[in-house]
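Novice: The following block contains the structure, expressed as structure tokens.
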Amino acid sequence: MPAMKRLRSESAVEESAVSAYVQTCVKFKSNVTFTDISKVSCVAAHVLLVGALGQLRDSSVESLRFYCPAVAEALRRVKDGATVKTLAVVAGREGYTEVTVTALPATASRTNCPYRADSLSEAVVAACGTVDEGETLDVYVRAPAGAEAAIANAVARALSHSNRVACVTRFHLCEFLFFLVSLLSRDEVFAG
């Protein structure tokens, strides 16, 4: 198909850049995966629970592995558009788990959708600030079915390759089904 071939440049630098770009597209590996959350057997030292206020107070949140009286109190205290932090004791985990609960604003500018990527990204970036290099942040997002694209967009914005992110972040979507969405920063590998 000679008509499909592009015109080559005389610049070696330009040709090298184009070839490198093509190779990244051909050998692309997504850093976002969706997995059944029932296969997750551990909780990280840092947890971020994000969602609209009404959904965070839903009884299904009580089934999460890190749920305890301290988390219940944080869920009771959190206000619309605010964040509450607490320390929780998680069965099977030594020491305390830092749990951050963020209630997304009920309305967000023109779309009035609390699951906009910028709302979620702000919560993730803020939570990553307390995570030391090499540690894991578990992010549980309580969202309606169909919000996966918004969550994936938020992940990409919060942990873009232009930012230096030292922690591995695992995303969990909580609705009718539970999903684990693993986001790996750069070349890190999550074996879970």
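The values are calculated or read from the model by the stated rules, or taken from the named source; none is laboratory data. Note that the structure is a prediction, hence the values are computed from the model and not measured. We place every Cβ from the backbone using ideal geometry, glycine too, and count neighbours over all the protein chains shown.
Novice: Answer yes or no: is there a residue in segment 118-135 that is among the acidic types (Asp, Glu), over 23 Å from residue 61 (Cα atoms), part of a helix (DSSP H, G or I) and modelled with pLDDT under 75.
Specialist: The answer is yes, given that some residue of segment 118-135 is among the acidic types (Asp, Glu), over 23 Å from residue 61 (Cα atoms), part of a helix (DSSP H, G or I) and modelled with pLDDT under 75.
Novice: Report, ordered by the first and then the second residue, all pairs with beta carbons closer than 9 Å, sequence separation of six or more or different chains, a first member in segment 122-140 that is without any contact (Cβ under 8 Å) to a residue 40 or more places away in the chain, and a second member that is in a helix (DSSP H, G or I) and of a type outside the set (Gly, Ala, Ser).
Specialist: Correct list of pairs: 125/157.
Novice: List the strands (runs of 3 or more DSSP E) inside segment 1-92, counting only whole elements, that have at least 3 residues being at pLDDT below 85 and either surrounded by 15 or more Cβ atoms within 10 Å (Cβ to Cβ) or touching a Leu at 6+ places or on another chain (Cβ under 7 Å) (or both).
Specialist: Per the criteria, 32-36.
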